[in-house]
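The next block holds one structure in the form of structure tokens; read it before the comments.
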Amino acid sequence: MNAKQETPRRTGLPEGWSRRPTVARIDNFLTGGCDNYFPDRHLAGLLMKSAPWLPSMVKINQRHRPHAVTTLARDLGIAQFLDLGCGLPSGWDKKRQCHDPALTYEAARSVHEGARVVYVDNDLMVCAHANFSMAEDLSTAAVHGDIRKIDDLLDAPSIRDFDRSQPIAVLAHDLLPWVSDEEAEAAMAAVREWLPAGSAISVTHATTDMAPEQMKGLVDHYAEAGIVYRPRPLEQIQAFLGPWSALPPGVVPTAQWRAGHRNVHRMPSAAHSFAYAAVITEALSAGP
């Protein structure tokens, strides 16, 4: 998530957009994608020298998304999803003829055929990809927005179109580490206030509790590229969750969240999470 916004060219993308690394494209490279450029690959190389486990960490977070969505759809009956900081789509598995791992709308519709999904990102390239892939799908939409302007974001037409008489699930996966403490707290509070009864928020967040020196190396390399990265300790991550209750098993390393229900196909080692995951809700907790 790159905070800098420039005047778009005729392509709709900012001037020099391919000459500066972005988090979405770095993650794309780390997970074996091809939607990245030399600056992304160069920075990714530096990051991996500091933290060789980084590709596994990113893959665990990526594979957690459909796992969380399926749980929210099946166990809580939620059929509306707001995917904040969605990033670029996962790759297409030619042999299995599907995205691997499944995209948010694919996971949601495996449970609810008519599920509605709105994707949000502050990277115009991400939004362009989403709009292209969903051009004929009236139940999905992509919004170019930023959680640092949370009130404007929640007022976007596609987000206003949610049926707020029914619960909504918000995904905030690897979202908060890219904004300040104050911005993260304000965004989470605003989302909790906006959501209707029975809704839920799924959060993943990188942590300094595991491999702190290597995490510092990541922070420093991102900073040299003009990107602020803020992995945080467990106590601070829990504070962002506010008064809502975490579903079992609580706030745990990402790969351990309901691991017994997870599709382990091509899952990296659980020891490489280096992040926490939780699902919070005002509703009564679902069973583990």
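The values are calculated or read from the model by the stated rules, or taken from the named source; none is laboratory data. Only a predicted model underlies this, so the values are computations on that prediction, with no experimental measurement involved. Positions of Cβ are backbone-derived with ideal geometry, glycine not excepted, and every protein chain shown enters the neighbour counts.
Going through Asp137, Asp151, Asp181, Asp161 one at a time, which residue ends up being loosely packed, with under 15 Cβ neighbours inside 10 Å and within 13 Å of Leu82 (Cβ to Cβ)?
Asp161
The conditions are (1) surrounded by fewer than 22 Cβ atoms within 10 Å (Cβ to Cβ); (2) touching an Asp or Glu at 6+ places or on another chain (Cβ under 6 Å); (3) in contact (Cβ under 8 Å) with a residue 24 or more places away in the chain, and Asp93 fails exactly one of them. Which is it?
Only one criterion is unmet by Asp93, namely (3).
Residue by residue, here is whether (1) over 18 Å from His221 (Cβ atoms); (2) surrounded by fewer than 21 Cβ atoms within 10 Å (Cβ to Cβ); (3) of a type in the set (Asp, Glu); (4) modelled with pLDDT of 95 or more holds:
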position: Arg10; (1), (2), (3), (4): yes, yes, no, no
position: Arg19; (1), (2), (3), (4): no, yes, no, no
position: Arg25; (1), (2), (3), (4): no, no, no, yes
position: Tyr37; (1), (2), (3), (4): no, yes, no, yes
position: Asp40; (1), (2), (3), (4): no, no, yes, yes
position: Leu43; (1), (2), (3), (4): no, no, no, yes
position: Leu47; (1), (2), (3), (4): no, no, no, yes
position: Pro52; (1), (2), (3), (4): no, yes, no, yes
position: Pro55; (1), (2), (3), (4): no, yes, no, yes
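Output the residue which, of all residues in the range 238-252 that are touching a residue at least 40 places away in the same chain (Cβ under 8 Å) and in contact with a strand residue (DSSP E or B) (Cβ under 7 Å, 6 or more places away or on another chain), is surrounded by the fewest Cβ atoms within 10 Å (Cβ to Cβ).
Ser245
If I filter the range 233-247 for residues that are under 24 Å from Pro52 (Cα atoms), in a helix (DSSP H, G or I) and at pLDDT below 95, do I get at least one hit?
no
Quickly run through the range 96-125 and pick out the residues that are surrounded by 20 or more Cβ atoms within 10 Å (Cβ to Cβ), modelled with pLDDT of 95 or more and aliphatic (A, V, I, L, M).
Listed by number, the residues that qualify are Ala107, Ala108, Ala115, Val117, Val118, Val120.
Since Gln62 meets every condition but one in (1) modelled with pLDDT under 95; (2) under 15 Å from Val126 (Cβ atoms), which condition does it not meet?
Unmet for Gln62, out of (1) modelled with pLDDT under 95; (2) under 15 Å from Val126 (Cβ atoms): (1).
Yes or no, residue by residue, for (1) under 14 Å from the mean Cα position of the chain (by Cα); (2) among the small types (Gly, Ala, Ser):
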position	(1), (2)
Gly85	yes, yes
Cys98	no, no
Leu103	yes, no
Gly114	no, yes
Val120	yes, no
Ser133	no, yes
Asp137	no, no
Leu153	no, no
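For the range 140-149, check the following and say yes or no: at least one residue is basic (Lys, Arg), within 23 Å of Val58 (Cβ to Cβ) and out of contact with any strand residue (DSSP E or B) (no Cβ under 9 Å at 6 or more places or on another chain).
Applying the first criterion (basic (Lys, Arg)) to the range 140-149 yields 148-149.
So of that shortlist, the ones also within 23 Å of Val58 (Cβ to Cβ) come out as 148.
Next, from what is left, pick out any that are out of contact with any strand residue (DSSP E or B) (no Cβ under 9 Å at 6 or more places or on another chain): 148.
Checking the range 140-149: at least one residue is basic (Lys, Arg), within 23 Å of Val58 (Cβ to Cβ) and out of contact with any strand residue (DSSP E or B) (no Cβ under 9 Å at 6 or more places or on another chain).
Residues in the range 257-278 that are modelled with pLDDT of 95 or more and of a type in the set (S, T, N, Q): how many?
1
Can you tell me which of Asp174, Asp163 is within 26 Å of Ala277 (Cβ to Cβ), in contact with a strand residue (DSSP E or B) (Cβ under 7 Å, 6 or more places away or on another chain), modelled with pLDDT of 95 or more and of a type in the set (D, E, K, R)? Give the derivation first.
Values: Asp163 fails: within 26 Å of Ala277 (Cβ to Cβ).
Among Asp174, Asp163, only Asp174 is within 26 Å of Ala277 (Cβ to Cβ), in contact with a strand residue (DSSP E or B) (Cβ under 7 Å, 6 or more places away or on another chain), modelled with pLDDT of 95 or more and of a type in the set (D, E, K, R).
Looking at Leu43, Leu72, Leu47, Leu82, which one is aliphatic (A, V, I, L, M), more than 25 Å from Glu213 (Cβ to Cβ) and part of a helix (DSSP H, G or I)?
Exactly one residue qualifies, and that residue is Leu72.
Say whether the condition of being buried (at least 19 other Cβ atoms within 10 Å of the Cβ) and at positive phi is met by at least one residue in the range 62-82.
no
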